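Structure record follows, encoded as structure tokens.
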Amino acid sequence: MTHRLTVTAAIATVLASVSLYPLLSGSRWFWMGAGAAVVAGTVGTLTRRRALPGLVAVIASLAGLLVYLTILFAGPEALARVVPTRSSLAHLWWLARQGLAESSNFAPPVPERHGLLLLTVAGIGIIAAAVDLLAVRLRRPAIAGVPLLVLFCVPLTTSNHRGSFGGAVVFCLAMIGYLALLAADGRERLRVWGRLVTLWQNGREGQNGRAGQNGRDVRSRRDGPDAQDAATGPRGGPNTKELAASGRRIGLASVALALCVPLLVPGLKDHKAFGGHGSGLGGGSGPVVSLPNPLAQMNNDLHRSTPAKVLVMRTATADPQYLQVYALDTLTSSTWSLAPTVVSVLRGGRLPAPPGLTKAMATTTQRTTITLAQGLAGSQPAGDFLPLPYPAQTVSVAGSWLIDRRTLMTFSPGTSLSGLTYSATSKEPDPTAKQLERSPAPPGAIAREDLSVPAAFSSLTTLARQITRGQTSNYGRAIALQRWFTTGGRFTYDLNVTPLSSSAGLIQFLTKTRRGYCQQFAFAMAVLARLLDIPSRVAIGYTPGTYLGHGRWQVKTSDAHAWPELYFQGAGWLRFEPTPAGSGGQDTAFLPTYAYPLLPVSPASPTSGPTTAASVPSPGASRPGGARGAKIQDLGGGSVSGHRPGRGSPVPVGLVILALLALALVTPRSVRALTRRRRWLSAADDGGRADAAWHELLDDLADHRIASPASESPRALAARVATTVLLAPAESDALLRIARAEERAHYAAEPAASATLRGDVVLVRRAVSRMSGRPARWRAWLLPASTLTPAGTALQHTLDVFGWMDRVTVRRRT
């Protein structure tokens, strides 16, 4: 029976499953997945008790996994909560379908819903069954790495990435499991040959190999070359420890080099499992960030545990615009999506005229320079989209770029966004309330494309009309919709909600839950606007982010945002902001100037509480020096020009390297001094002081590269050292007293007096140092071999991690 290989296969699967931690929140999925691996190994073991075909073993493993899933997720529907029935199978199928739907709606890390847990545990169980089949039954452990690799690579297919430390830990765990599987298989093959070759010799033989021992001969602890020779090779056969461990050390060293070299050599790029770029020492590196893929990618950015930098924007405007990346103007019964593009080539850096904006409309010009973060990458098959203030007139950017003439989205199929710097000139419409109130009907093309509403949303028409009762213009209705979302305490900003994926979800958000983030608010206002015959669409991009001073703004993934845009002939597409702003909402969001007029609130508005003028910002609040201006001043504690961001300078890499080198030089000497102090403090009697003096003598000799084999008696060692080092008579007498004290402590009835032993050790150490050359003295002082040799031995044993596994499993039999 190959029990060891079975257990190792299950452990390898569990270790590889740790790679799923960025995708799911909590830890229930891990323990359930570990249980699935145990079930797969148990069923596999039972099928191997008889000579059964491989197909029968596969069916049995899947059946065992089905029973396990039934117990976890469909117990009430099963017979005796264990045996699957038609009802339990139907319930599992329903949960699986629900999990598939939720996987497309949630951004990682997803909550521990039953459907998602079922899919995760079932996936781990199937991988465990495959690994058990390949590694144990078919004896193909190398090929068993393929399903483990599939499990490890699942997070890499998503937009969610691990941090550098987390990715390294996950990789090492998966590598340990796979190498352990290979080691266990090799051990089983050796066992089948007849004689088991172990890494550690039997304890009886190891003890008999010590010469001159009686009780506690401390010389057996020495690790010099001669001592190793004396202890090597028990009577049962040659010592195969080094031969067996060499392969593992080479493998682990190769893995370490593969991980470290891309971080140190410029131009080499590491795998996306490890955040950053191989820019060499001192190079800038950071987490890989993606521009918001409509909806899913924006949700991922907002749910990051640690926001990552996306770009830095430089502009002289104190109130910069939002940066638009996508414009979603196709409304289906489940979501908003991109419409087919009408593409033209960007020539001369000039964009087409924005739809609906006339020359009579006043505009505010903004000139912006944007530098995208290193590692920024687009996520659309059509190419990489530029974040731009809307509506942009000119763009100066390297590469070949295309433009959607209807939405002014700018994208390139082949130009990378990583580290890209470009500049844009935009003219934001600055309409008055009267101009928007008198806005004529939209043209036919806009009405056809941006007014269609699926029948699934028709039940919201009554709500839209109640909210806007008493308003006689599209502009008044738009302001009433926006105010209904942002005042009265009706809605709560909450990132921990299910992303919208159906008309039922939107209706529930508007009428029942009223909890959500920018996606829910933007979707809802845009749908309600269309029901009131106001052309609308949903834009996705970024708020201006955080002010850094000197006209610079930093935008992070936490500034990803969605907002509705409504069309008014003469002004074109105008941004509105139904999402709560400030500390209780989207922190960097703010209302545009034209969205501030104090319209009276109709008492017929559904569930509308009393609204005072104080609850609505004043018309000038978003002007420079107003809401955003005040926010900028608060950051600086005064004027904008006097702002100094409190950002610490990064620690120079050179200083870090020098500090590490200094620590490496000081550590061996410090350990040697602490060891000497501990020995003398722990010596409580003459025998203990004799042992301490002898150990100190051996360490001093080792530091000066003088051999002290364990087979040599203390008196013989003292005579050889006195002759080799040419000690003075007083120094030879001190050395002889140390050797005799050690012999008396071990073999005599009473130990010798120890009053002079500490002074004798110091005298001999100085004599040995005096007779050694200057390089040897410096080496003994800075890099004492008595400290480095045990450290090297410990490192070898650490690299022999799989040998320790063998030791645990073989101890009982030996």
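State, to one decimal in nm, how far the label point of Asp733 lies from the label point of Thr492, with both points 7 Å from Cα in the Cβ direction.
Calculated label separation equals 8.9 nm.
Taking the Cβ of Thr315 as the centre, find all other residues whose Cβ is under 9 Å away and add up their charges (Lys, Arg: +1; Asp, Glu: -1).
That sum, taken over residues with Cβ under 9 Å, equals +3.
Test of understanding: what is the full-extension gain from Val82 to Leu788, defined as 0.36 nm times their sequence separation minus their Cα-Cα distance?
Going from the current span to full extension adds 248.3 nm.
What list of whole percents do you get for P(r) of region 352-459, with Cα-Cα distances grouped in 10 Å bins up to the one holding the largest distance?
12, 34, 29, 21, 5
At a Förster radius of 30 Å, what calculated FRET efficiency corresponds to the Cβ-Cβ distance of Ala60 and Arg28, to the nearest 0.05?
0.65
Just to be sure I understand the model, the point goes 7 Å from the Cα along the line to the Cβ. What's the resulting Val762 to Asp533 distance in nm?
Distance between the two pseudo-spin positions: 10.4 nm.
When ranked by the protection proxy of mean other Cβ atoms within 10 Å per residue, highest first, what sequence do the peptides 768-778, 710-720, 47-57 form?
710-720, 768-778, 47-57
Sorted by average packing, counted as other Cβ atoms within 10 angstrom per residue and highest first, what order do 537-543, 590-596, 471-477 take?
Top to bottom by mean Cβ count within 10 Å: 537-543, 590-596, 471-477.
Which value, in Å², gives the accessible area per residue of region 1-59 when a 1.4 Å probe is used on the protein heavy atoms?
Accessible surface, normalised per residue, equals 46 Å².
Determine, from the Cβ-Cβ distance of Ala673 and Asp430 and an R0 of 56 Å, the FRET efficiency 1/(1 + (r/R0)^6), rounded to the nearest 0.05.
Using R0 = 56 Å, I get an efficiency of 0.15.
Over region 406-531, with every protein chain in place, what whole percent of the accessible area is carbon and sulfur at 1.4 Å, could you tell me?
48 percent
Determine the gain in length on full extension of the stretch Ala447-Ala101; use 0.36 nm per residue of separation and subtract their C-alpha separation, reporting nm with one decimal.
121.3 nm
7 Å from Cα along Cα→Cβ at both Ala51 and Ala142: what's the point-to-point distance in nm?
Label at Ala51, label at Ala142, 2.8 nm between them.
Using mean Cβ contacts within 10 Å as the protection proxy, how do 483-495, 746-758 order, highest first?
Output ranking for 483-495, 746-758: 483-495, 746-758.
Once the piece of chain linking Thr306 and Ser344 is laid out straight, how much longer is it, given 0.36 nm per residue of separation minus the C-alpha distance between them?
9.9 nm
Specify, per residue and in Å³, the volume enclosed by the convex hull of the alpha carbon atoms belonging to region 41-150.
Enclosed volume per residue, from the Cα hull, is 110 Å³.
How large, in percent, is the carbon and sulfur part of the accessible surface of region 21-157 at a probe radius of 1.4 Å?
Looking at region 21-157 in its full context, I get 71 percent from C and S.
Take the Cβ-Cβ distance between Arg777 and Asp685 as r, set R0 to 30 Å, and report the resulting FRET efficiency rounded to the nearest 0.05.
Efficiency for this residue pair is about 0.35.
The values are calculated or read from the model by the stated rules, or taken from the named source; none is laboratory data. Everything numeric in this text was worked out from a predicted model, so none of it was measured. Quick reminder, even Gly has a Cβ in these numbers, built from the backbone with ideal geometry, and neighbours come from all protein chains shown. The area values use the complete protein model at the heavy-atom level, side chains included, leaving out ligands, DNA and RNA. Shrake-Rupley method; radii C 1.70, N 1.55, O 1.52, S 1.80 Å.
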